[in-house]
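The values are calculated or read from the model by the stated rules, or taken from the named source; none is laboratory data. Owing to the predicted nature of the structure, the values given are computational and were not obtained by experimental measurement. Neighbour counts are summed over all protein chains in view; Cβ atoms, including those assigned to glycine, are modelled from backbone coordinates with ideal geometry. These accessible areas exclude ligands, DNA and RNA; they are computed on the full protein's heavy atoms, side chains included. Shrake-Rupley method; radii C 1.70, N 1.55, O 1.52, S 1.80 Å.
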There are 2 protein chains.
Amino acid sequence: MRVRLRREATPRMKDREGRWRTVIEGVKPEIDGGHFAIKRTVSEEVVVEADIFTDGHDALSAVLLYRRESQPQWTKVPMEVLVNDRWRGSFRVTELGRYRYTLIAWADHFKTWRRDLAKKAEAGQDVLVDLLVGARLIEEAGRRASKEEGQILRKWAEDLRADAEPQSARIRLALSAKVAALMEKHPDSRFATTYEKELAVVVDREKARFSSWYEMFPRSCVSEPGRHGTLKDCEARLPYIASMGFDVLYFPPIHPIGRTHRKGKNGVPSGTPTDPGSPWGIGSQEGGHKAIHPQLGTLNDFRRFLDKAKEHGLEVALDVAFHCSPDHPYVKEHREWFKIRPDGTVQYAENPPKKYQDIYPLDFETEQWQELWEELKRVVLFWIDQGVRIFRVDNPHTKPFPFWEWLIQEVKQDHPDVIFLSEAFTRPKVMYRLTKLGFTQSYTYFGWRNTKAELIQYFTELTQTEVREYFRPNLWPNTPDILTEQLQHGGRPAFMARLVLAATLGASYGIYGPAFELCENRPREAGSEEYLDSEKYEIKHWDIDRADSLKEFIGRVNRIRRENPALHNDWSLRFHSVDNDQLFCYSKSTPDVSNVILVVVNLSHYHTHSGWVELDLDTLGLDPERPFQVQDLLTNAYYLWQGSRNYVKVNPHSVPAHILLVRRRPRTEKDFDYYM
Amino acid sequence: MRVRLRREATPRMKDREGRWRTVIEGVKPEIDGGHFAIKRTVSEEVVVEADIFTDGHDALSAVLLYRRESQPQWTKVPMEVLVNDRWRGSFRVTELGRYRYTLIAWADHFKTWRRDLAKKAEAGQDVLVDLLVGARLIEEAGRRASKEEGQILRKWAEDLRADAEPQSARIRLALSAKVAALMEKHPDSRFATTYEKELAVVVDREKARFSSWYEMFPRSCVSEPGRHGTLKDCEARLPYIASMGFDVLYFPPIHPIGRTHRKGKNGVPSGTPTDPGSPWGIGSQEGGHKAIHPQLGTLNDFRRFLDKAKEHGLEVALDVAFHCSPDHPYVKEHREWFKIRPDGTVQYAENPPKKYQDIYPLDFETEQWQELWEELKRVVLFWIDQGVRIFRVDNPHTKPFPFWEWLIQEVKQDHPDVIFLSEAFTRPKVMYRLTKLGFTQSYTYFGWRNTKAELIQYFTELTQTEVREYFRPNLWPNTPDILTEQLQHGGRPAFMARLVLAATLGASYGIYGPAFELCENRPREAGSEEYLDSEKYEIKHWDIDRADSLKEFIGRVNRIRRENPALHNDWSLRFHSVDNDQLFCYSKSTPDVSNVILVVVNLSHYHTHSGWVELDLDTLGLDPERPFQVQDLLTNAYYLWQGSRNYVKVNPHSVPAHILLVRRRPRTEKDFDYYM
């Protein structure tokens, strides 16, 4: 058993500077002892706190240092003390890429001297010697200063020593703001403690934090039965998707599909020659992860499609699914990347006793793991070269963590605008680890959080704990793999309510359509979350113009999202109690509370519910003494409310939620233009 | 501004092994990212937990490794999985000194194969190729095994491949316990992940965890007025102290006392020639920190006293107070260890506008800090050479943290039995930091925790959070500096109640006597916590035989402590609710609940209170269906109780507390020796 030794040094006198007296500990944010970066988007703030103290009674100075990782020069921000030895400082990240931050703190002899001098002077003590001590400190600072400022400091030192002057005048100089300011510029930080770590920040573009996804199988983009949709056909679908207000269009894999063990309708093990196969069965004679399924079109068609999508405000996200069909070119060309069974066959995927013979996993324990990693990186770079900047990664939890950590850092080093969404529907610690190591966003357990208590608990964890520093949730009410029980049984009200929850609890969310807007909710069998006649195994011809489509409702919700910056973040989420467990109330706001959105959702999809909301007025920036208006952005109804306790009633069969814009000041006579 | 750079490595492919797929994180205990050691006493257990997981669905193996720090060889303990990727393992420390522990874990291909084979066999699938896969794994293990075991493994591999045998027999062999056991002995841990840190444990002797301290000014150990007590006189006091059941006798400084600016009665700035001075005014012509105050006796007397104390079961603790009187030899011989003011005088201690001209602090920012550190270490080693093993350190928070970290580690390297008690009455983070860096025990805020809510909150923090891994509380109801308001106003019942609280909430506690047992409670002035006519500044002649002395009560409490192992630990503390806020109920127990002590204290020192206790029967190891007996060890009263709800009544004017021994089985007819 190999054991790498890494012993912390026992403190030996010769190896240390015993005069670094100041302690910096309890630094936040700091993920797993600084092993992982925190995440921000451009123009967001990083607020750093730490416990900082020293022995004895010296006054302290503490500075937060930050820099872009690529630049050696630190920018310094003075920190302020809160209470109980806690200090705080902050900076704003302005550029894509990686930043670093650390702290420095020291016992500040000038500050200590100034504080004590003031006390002694106030007590009327003779401070002759103290003035001489101060003169020495100021003189020393002069030696650290520029020539010009040094002269000023030396002059002050002389003045403090000037016996001819009365003590009172010298004390006034000693305690003056100008002396303090210049001394702060040239502190004696010889014995300063620098925090032992340089903590990292990954700065992404805004879409990493705020995005509205629409998933669609491109081959199903034509409404006429019998035809395989093409990328050209998809162009015609763009206005439809854009009209619903989405900004990311995500395609399941668009690569050639294997034929061996190809799955049939409803995923039966052997399909017929007419079955189109699952898009996740990647690779055939026609190519692998860098090729496009011939029936969809050509690489040129794809590039053209990206441009067209862009014209509609849509960015295309591709699926990264690192496994192969038995017909994938890798299987012949790089047999060493697969596990070979003793009978000479390639090991297929299995979850005993189930076998998935249409899928060959890559063997990340191969001796050639480095070549494999490089090739997979080339796959991602290939699509980046075509213009793709968003990737939804299929089952990342079935490939090694070190691989993802390396891949994402490698890619983002040159392309800091790339976004990776982790599709890790797995155990919580695994899901979190993937985002710690670099995934930009992640799927969540939102689909299975239905009651008010479940939602509050889960979203408190996601938005009010350290998790939020690295985990950006992307909420999906449905996916091609997940038709939740709520949607199966709750009908149209459930689709509407889950949409509102996803779109307002999450700054990022997505739906799998047109199944979603058409309220498709038939499971393959009772107790299953698979769709009946799943689109994964057959081509669909959706009637997107059906009168009962939710497309307009979705469009309205997305417009509300776009127009209200309160909904562009997750961290401001706060819950407000309602005396009815079926009514769920929460708010989001901008930091300056200039935009405040209050949401009330009826979680029962069957009955009208009413109740009294108990608002946390402080959070909403509301004055308990003044009335305020709430405007339902879904229905345009207006309500006049006052104080924390207000009545709500929600009928799931019309609209199962309120999305209320809080208007702090209802019109009064003061709004008359002739009111003086 | 100097900035030490320590950047975490960006993972580069060439520097890493990409096949270390297993993650080890969330390790507990681990103090500040492994920067500090946890503490245990000999024979205690270290329970280690961690989140351990890998990608995909492989079965895992995890091993906890530990060793004495001085020995390179690890001992291995298999870890067990709990839930949600949490694993646990434990080991027992058996020797004084430092231990290290770390973890190793890997995706275990044999375990995975065995698990999957069982499922396939159960489903009746053909497993021919699987048996060949297993044969290969077993054959490979054979190469890692001894010659003999290698032969066995190779034979099994052959048997699994034996076409002639029916599959069922080969499956039975494959799944057999003997194969599993031998395979576990020779795992394939090529790609094992070793946790990146080797965490430290400091193992102390039992007294670090369980100790009863008595503080006494040796010069006040004679009852006849007018005489300065000597170490010889102190010998005569030993039976008295031992009769109260203490095991540590702590002396304030016993060094020569300075004369310059010597303080007078009640600490007035200038004393008269007849004032004996404060023992903390250390150093005179007669010597400094390595000398004994001549009026107390000689070094020989001191060594003799240590022996005599030992005969009475008492270990002597000395005070370490690293500062000097103006007359200390260091002031002449090592002027460079002090701050010199511009007028050439030595800087005295101050807390502006207050001046303490009788005390010169050492300047730890001196250029000669290394010489200073070495000298202070020699002071401690000097007293260790005389036989002292326990030190109470005066105001450690006014000397640099790195100094203590170095000093304590240096001393304990050669003398792992030495105990350092930190007298850091300061802010919480500073107090905790000192114990993290090495102090064995610490004073606490116990003196100022009076209400039930305060006590529950504070002792939950001390005994049920990570704090307990490094902070061992030592509870003092009084000290020569602290006469709490409770004692000033609560009279004798307060002294008794606070004693019981200290002695049962804390496995370590102490009192400053004879002031305590004689219920001395007059403050210097209203609002002050200083004693009137404090013993710090004058010699006292206590009448220890006074009829109202608490000495017998204290003796009884200490006997209960000694006889009941439940009270030898802090971690088992649990609170039980009482429907009366003046009654405070808690329990302690041994891990096997063979000894359970339940304490009920009346926190009001004025009125009799009664109420219903709601016991957590599970914690107490009690069956709700059976009656149990509680015996009050203070009064010998017996009560028969049943179930969780029981009545208590406590009169502070007789005995303000119950210390109840829980007896699980009252006598019944089954105890008749003729009952069959």
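How large are Rg and Dmax for chain A when only the alpha carbon atoms are used, in Å?
In Å, with Rg to one decimal and Dmax whole: 31.1, 107.
Order A:Arg574, B:Arg170, most accessible first, counting only protein heavy atoms with a 1.4 angstrom probe.
Solvent-accessible surface, decreasing: A:Arg574, B:Arg170.
Run the count for the range A:55-189, please: Lys pairs, Cα-Cα under 17 angstrom, 8 or more apart or on different chains.
Lysine pairs meeting both conditions in the range A:55-189 amount to 9.
Over chain B, calculate the relative contact order: mean separation of alpha carbon pairs under 8 Å at least 6 apart, over the residue count, as a percent.
Relative contact order for chain B comes out at 10 percent.
Which three extents, in whole angstrom, do the alpha-carbon atoms of the range B:4-145 cover along their principal axes, largest first?
Rounded to whole Å, the extents work out to 57, 41, 33 Å.
If each DSSP helix of 4+ residues adds -39,500 (n - 2.57) and the sum is divided by the residues in chain B, what number results at 222 nm, nearest 500 deg cm²/dmol? Write down the numbers at each step before the final one.
Numbers: 15 runs with 187 residues, N = 676.
Helix contribution divided over all residues of chain B: -8500 deg cm²/dmol.
Run the quick spin-label model on B:Gln73 and A:Ala349: label points 7 Å from Cα toward the beta carbon, then report their separation in nm to one decimal.
Spacing of the two 7 Å Cα→Cβ label points: 4.8 nm.
Relative to the isolated chain, which residues of the range B:16-34 have their accessible area cut by 50 Å² or more in the presence of all protein chains (1.4 Å probe, heavy atoms, no ligands or nucleic acids)?
Listed in order, they are B:Arg16, B:Gly18, B:Arg19, B:Trp20, B:Arg21, B:Glu25.
Grab the other residues whose beta carbon is less than 14 angstrom from that of A:His607, score K and R as +1, D and E as -1, and report the net.
That works out to 0.
Using the C-alpha gyration tensor of the range B:215-338, what are the square roots of 5 times its eigenvalues, in whole angstrom, with the largest one first?
Semi-axis lengths for the range B:215-338 are 27, 17, 12 Å.
Accessible area per residue for the range A:424-542 in Å², computed with a 1.4 Å probe and the full protein assembly in place, what is it?
27
Run through the other copies and list how far each one's label point is from that of A:Arg546, in nm with one decimal, shortest first; the point sits 7 Å from Cα along Cα-Cβ.
Those separations, rounded to one decimal, come out as 9.2 nm.
Could you give the Stokes-Einstein D for the range A:205-257 in µm² per second, using the C-alpha Kirkwood radius, 4 °C, 1.567 mPa s?
In µm²/s, the coefficient is 105.
Give the span of the range B:389-516's Cα atoms along each principal axis, as three whole-Å numbers ordered largest to smallest.
Largest first, the range B:389-516 extends 45, 33, 25 Å along its Cα principal axes.
Once the label point is set 7 Å along the Cα-to-beta-carbon vector, what list of distances in nm do you get between B:Asp616 and its counterparts in the other copies?
The answer, with the shortest distance listed first, is 2.8 nm.
Based on Cβ point charges of +1 for Lys and Arg and -1 for Asp and Glu, what charge dipole magnitude is obtained for the range B:222-268 about its Cα centre, in debye rounded to the nearest 20?
Magnitude of the dipole: close to 400 debye.
What is the Cα centroid distance between the range A:250-319 and the range A:437-483, reported in whole angstrom?
28
Give the carbon-plus-sulfur fraction of the accessible surface of the range B:165-290 in %, rounded to a whole number; probe 1.4 Å, heavy atoms of protein chains only.
That fraction is 57 percent.
Can you give the convex hull volume of the alpha carbon atoms of the range A:530-676 per residue, in Å³?
So the per-residue Cα hull volume is 169 Å³.
Can you give me the % of accessible surface on the range B:526-606 that is carbon or sulfur? Probe 1.4 Å, all protein chains present, nothing else counted.
That share works out to 47 percent.
Mind putting a number on the dipole of the range B:43-202 about its Cα centre? Charges go on the C-beta only, +1 for Lys and Arg and -1 for Asp and Glu, and I need it in Debye to the nearest 20.
Computed charge dipole of the range B:43-202: roughly 400 debye.
For the A and B pair, go ahead and give the buried accessible area with a 1.4 Å probe, both sides summed, in Å² to 100.
Values: alone 32020 and 32060 Å², together 55000 Å².
About 9100 Å² of accessible surface is lost on pairing.
Label A:Glu286 and A:Ala118 with points 7 Å out from Cα along Cα→Cβ: what is the distance between them in nm?
Here the answer is 7.8 nm between the modelled labels.
Ignoring everything but the protein chains, give the 1.4 Å probe accessible area of B:Arg227 in square angstrom, nearest 10.
90
Please report the base-10 log of the normalised intensity I(q)/I(0) for the range A:73-229, using a Debye sum with one equal scatterer per alpha carbon and no solvent, at each q in 0.19, 0.20 (1/Å).
-1.19, -1.26
For the pair B:Ser43/B:Gln368, report the inter-label distance in nm, with labels modelled 7 Å from Cα in the Cβ direction.
In this crude label model, B:Ser43 to B:Gln368 measures out at 4.8 nm.
I need the inter-copy label distances for B:Ala169: point set 7 Å along Cα to C-beta, values in nm with one decimal, smallest first.
Those label-point separations list as 11.4 nm.
Can you tell me the mean projection area, over all orientations, of the convex hull of the range A:135-206's alpha carbons? Units nm², please.
On the way: hull surface 32.4 nm².
Spelled out: convex hull of the Cα atoms, projected over all directions, averaged, 8.1 nm².
Out of all Cα-Cα pairs in the range B:140-286, roughly what percent, to the nearest whole number, are more than 25 Å apart?
64
How large is the Rg to Rh ratio of the range B:173-232 when both quantities use alpha carbon positions and Rh follows Kirkwood?
Expressed as Rg/Rh, it is 1.60.
Any chance you could give the angle, 0 to 90 degrees and rounded to 10, that helix A:299-311 forms with the longest Cα principal axis of chain A?
That works out to roughly 60 degrees.
For a 21 Å ceiling on Cα separation, which of these pairs sit above it: B:Lys207/B:Lys308; A:Lys28/B:Lys39; A:Lys290/A:Lys399; B:Lys377/B:Lys399?
A:Lys28/B:Lys39
For the range B:313-388, take the convex hull of the Cα atoms, compute a quarter of its surface area, and give me that in nm², please.
6.7
Using all Cα-Cα distances in the range A:382-463, what percent lands in each 5 angstrom bin from 0 up to the longest?
Histogram of Cα-Cα distances, whole percents per bin: 3, 14, 24, 21, 16, 12, 7, 4, 1, 0.
Which chain B residue sits with its beta carbon nearest the axis carrying B onto A, and how many Å away is it, rounded to a whole number?
That would be B:Gly33, 2.
How charged is the neighbourhood of A:Asp394? Take every other residue with its Cβ under 11 Å from the Cβ of A:Asp394, and add Lys/Arg as +1 and Asp/Glu as -1.
-1
Which order do A:His228, B:His261, B:His57, A:His312 take by accessible area at a 1.4 Å probe, largest first?
B:His57, B:His261, A:His312, A:His228
Using a 1.4 angstrom probe, figure out how much accessible area the range B:57-143 has per residue, in square angstrom, rounded to the nearest whole.
Accessible area per residue: 45 Å².
Report the dimensions of the protein assembly as shown along its three principal axes from the alpha-carbon atoms, largest first, rounded to Å.
Principal-axis extents of the Cα atoms in the protein assembly as shown, largest first: 115, 102, 61 Å.
If one puts a single equal scatterer on every Cα of the range B:552-605 and applies the Debye formula without solvent, what log₁₀ I(q)/I(0) results at q = 0.16 Å⁻¹?
-0.54
At a Förster radius of 51 Å, what calculated FRET efficiency corresponds to the Cβ-Cβ distance of A:Glu333 and A:Thr460, to the nearest 0.05?
The formula returns an efficiency of 0.55 here.
Taking 0.36 nm per intervening residue step and subtracting the Cα-Cα distance, what contour gain separates A:Glu148 from A:Asn84 on full extension?
19.1 nm
Could you run the Debye sum over the Cα atoms of the range B:89-174, one equal point scatterer each and no solvent, and tell me log10 of I(q)/I(0) at q = 0.22 Å⁻¹, two decimals?
Evaluating at q = 0.22 Å⁻¹ gives log10 I(q)/I(0) of -1.03.
Under 13 Å from the Cβ of A:Lys265, count the other residues' Cβ atoms, weight Lys and Arg +1, Asp and Glu -1, and hand me the total.
Cβ neighbours under 13 Å give a net charge of 0.
Just the ratio, please: alpha-carbon radius of gyration of the range B:459-558 over 2.2 N^0.38 Å, N its number of residues.
Working it through for the range B:459-558, the quotient is 1.16.
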